[in-house]
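All remarks here apply to the structure that follows.
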Amino acid sequence: MHMPSLATQFLHVLAAGLLLISFAMLAQRRIRRLIVLLAWQGALLSASTLLVAITAHQAHLYYSAALTLALKVIVLPWILMRLMKRLGIAGEVEPLVNVSTLMLVGLALVIFAFGLAQPVSALATTVTRQALGIALAVILLAFLMIIARRKAVTQVIGILALENGLFFAATSATYGMPMVVELGIALDLLVGVFVFGIFFFHIREQFDSLDLHHFESLKEE
Amino acid sequence: MIALLRQLAEALLAIALAPLLAGWVAQCRAWLQNRSAPSLLQPYRTLRKLFHKDAVLAEQASPLFRITPYVVFGTMMLAAAIIPSVTTDVPFARVADAIALVGLFATARVFMALAAMDIGTAFGTLGARREMMVGFLAEPALLMVLFNAFLMYGSTALPTVVHDALAFDTHGLLLRPSLAFAGVAFVMVLLAENGRIPIDNPTTHLELTMIHEAMLLEYSARHLALMEWASWLKLFNYACIGFALFAPWGIALHADTASPLLLALALLVLKLTVAGAVLAVIETVSAKLRVFRAPEFLSMAFLLAVLGILVHLLLRS
């Protein structure tokens, strides 16, 4: 059995950690802990980007690791926490039905993602090519989370997790996107969360709740 | 001949140490909960007390009820002989692999459940049904954890796994994320299978929550002593399986001389001390789950173990 380099091994550990956090988010009922998990996911993402930057000598990845750290570990979770407190849903527990089934569906998605990534990662030449399957799995799991949740806040957290997965996929397949694109996405995310925050208040004003099920009764008049 | 003696010594060591481990866990729990701790030797005293009493049997008890304690204790003893706790150089460890081991645990569980239903009291039946529910969910998770190690080392025999794991470690550092997944899953299965706190509370006799204790309600004296001893031995066995899979350091590969064996024994005691303390901490910080949440807990363990396998397959190439 050949030994991959130590950096590659660490990358694999970080990738596995990202996958684990995705599953933890899928099963987490408390909104506050969900935000903490999102911050952890950002931290792992930042660490893995930094590691890729060091091993592959990609200067622009240093900036992108710093950007990830600032935005996804500090700013976005902080904004979400503030929103949560303002909305008065700090201790709220979201009812989740059938976590076991959700987990099994998630497992099927992971198998699907790994199968899908196999031919792609065979063509890639980056040090992180094997992690592409995990990145795809993180994306699909974030989708599953958005589908399974009813509250507006948790859906937004799902979207942010989705973006984390996309970012990881970009890093592992092609050493990240050009800096301009990355900056653009970061700005989009920031603005997006602000807009979502305003929407939350509007939704609550309209329905007295953040449960998106009420949307189903909307009709054009 | 010498090998058989070694085998016997290892099994007897497990039987002798198992109550000590149970006593140590109870002591740690008491410390963490600010209670004055029972003596480390309390389990031995309990056993002596129970063996000196006269057994009382229900009138309707069938022979199955009487032989179950011996069957359960015997299977646990056999399991202790198979698991390489001190040395891999014992004959039984080579004969039976880890899948046979899971089968042994299942045999003990089936006998216990049947005996609990034998008398026909409500609590026994309740405990048996719950135990079977937990068991049927924990078993696939345990098998998946074992498959993780089998896949990595290419063998279903625990001695080979230990051997290869020790050989890898001398080559240099090798991080194995899939083993981390499997390790967490294994701890969850261990908690569930041994009636520990998130699933069952070993010290409770509250009707609505007990699982393991409900099955032992009808037993007394020597039968009860054997059942208790078997459950401690089960915890010991699980701990040793965990060491073989995830922390094989120190297990003697060759048992021709005394020094590696003594070192292995010292390390085993050290590892058991740490594991017992960790178990007590886990039990203290977590709250008991409702019975209906147990499937969720165990499906999480199953999921983690399968994820470990998938991650291993993905990252291997």
Net charge near B:Glu10 (other residues with Cβ under 14 Å of its Cβ; Lys, Arg +1; Asp, Glu -1) is +1
Quote the convex hull volume per residue of the range A:6-217, based on C-alpha atoms, as a whole number of Å³.
114
To the nearest 20 Debye, how big is the dipole of chain A about its Cα centre, given +1 on the beta carbon of each Lys and Arg and -1 on that of each Asp and Glu?
540
Hey, got the average number of other protein chain Cβ atoms within 10 angstrom for residues in B:298-311?
5
Just to confirm the number: angle between the C-alpha axis of helix B:98-118 and the first principal axis of chain B, 0 to 90 degrees, nearest 10?
10
Any chance you could give the angle, 0 to 90 degrees and rounded to 10, that helix B:177-193 forms with the longest Cα principal axis of chain B?
10
When the convex hull of the Cα atoms of the protein assembly as shown is projected onto a plane and the area is averaged over all directions, what value comes out in nm²?
29.9
For chain B, find the longest principal axis of its Cα atoms and tell me its angle to the long axis of helix B:63-82, 0 to 90°, nearest 10.
20
Applied in sequence order to the range B:135-148, the curve 6.51 cos²θ - 1.76 cosθ + 1.60 (Karplus, θ = phi - 60°) yields integer Hz couplings, x standing for Gly and Pro, of x, 5, 8, 7, 4, x, 4, 4, 4, 5, 4, 5, 4, 3
Assuming R0 = 56 Å, can you tell me the calculated FRET efficiency for the pair B:Ile99 and A:Met81, based on Cβ-Cβ distance, to the nearest 0.05?
0.70
Once Lys and Arg are counted +1 and Asp and Glu -1 for all other residues with Cβ under 12 Å from that of B:Ala277, the total becomes +1
Roughly speaking, what is the stretch gain from B:Ile67 to B:Ala3, that is 0.36 nm per residue apart minus the C-alpha to C-alpha distance, in nm to one decimal?
20.0 nm
Return one whole number: the accessible area per residue of the range B:2-316 in Å², for a 1.4 Å probe.
42
To the nearest 0.05, what FRET efficiency results for B:Ala167 and B:Leu57 with a Förster distance of 45 Å applied to their C-beta separation?
0.30
Please tell me which of these pairs span more than 25 angstrom C-alpha to C-alpha: B:Lys234/B:Lys288; A:Lys72/A:Lys151; B:Lys53/B:Lys288; B:Lys49/B:Lys234; A:Lys72/B:Lys288?
B:Lys53/B:Lys288; A:Lys72/B:Lys288
Net lengthening on full extension, A:Leu183/A:Leu116 (0.36 nm per residue, minus Cα-Cα)
21.3 nm
With each label point set 7 Å from Cα along the Cα-Cβ vector, what nm distance links A:Ile74 and B:Trp249?
3.7
Restricting attention to the range B:198-300, which trypsin sites (Lys or Arg not before Pro) occupy a DSSP loop and are surrounded by at most 14 other Cβ atoms within 10 Å?
B:Arg290
In deg cm²/dmol, rounded to the nearest 500, the helical mean residue ellipticity at 222 nm of the protein assembly as shown, built from -39500 (n - 2.57) for every DSSP H run of length 4 or more, is -25500 deg cm²/dmol
Longest DSSP-loop-exposure-free segment, GluC sites (Glu not before Pro), chain B, at most 15 other Cβ within 10 Å
B:60-206
With every protein chain kept in place and ligands, DNA and RNA left out, what is the accessible area per residue of chain A? Probe 1.4 Å, answer in Å².
49
Using θ = phi - 60° and Karplus 6.51 cos²θ - 1.76 cosθ + 1.60, couplings along the range A:104-117 (whole Hz; Gly, Pro as x)
5, 4, x, 4, 4, 4, 5, 4, 4, 5, 5, x, 5, 7
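The values are calculated or read from the model by the stated rules, or taken from the named source; none is laboratory data. In this text the structure is predicted, and so the values were computed from the model without any measurement. Neighbour counts are summed over all protein chains in view; Cβ atoms, including those assigned to glycine, are modelled from backbone coordinates with ideal geometry. All accessible areas refer to the heavy atoms of the entire protein, side chains included, with ligands and DNA or RNA removed. Shrake-Rupley method; radii C 1.70, N 1.55, O 1.52, S 1.80 Å.
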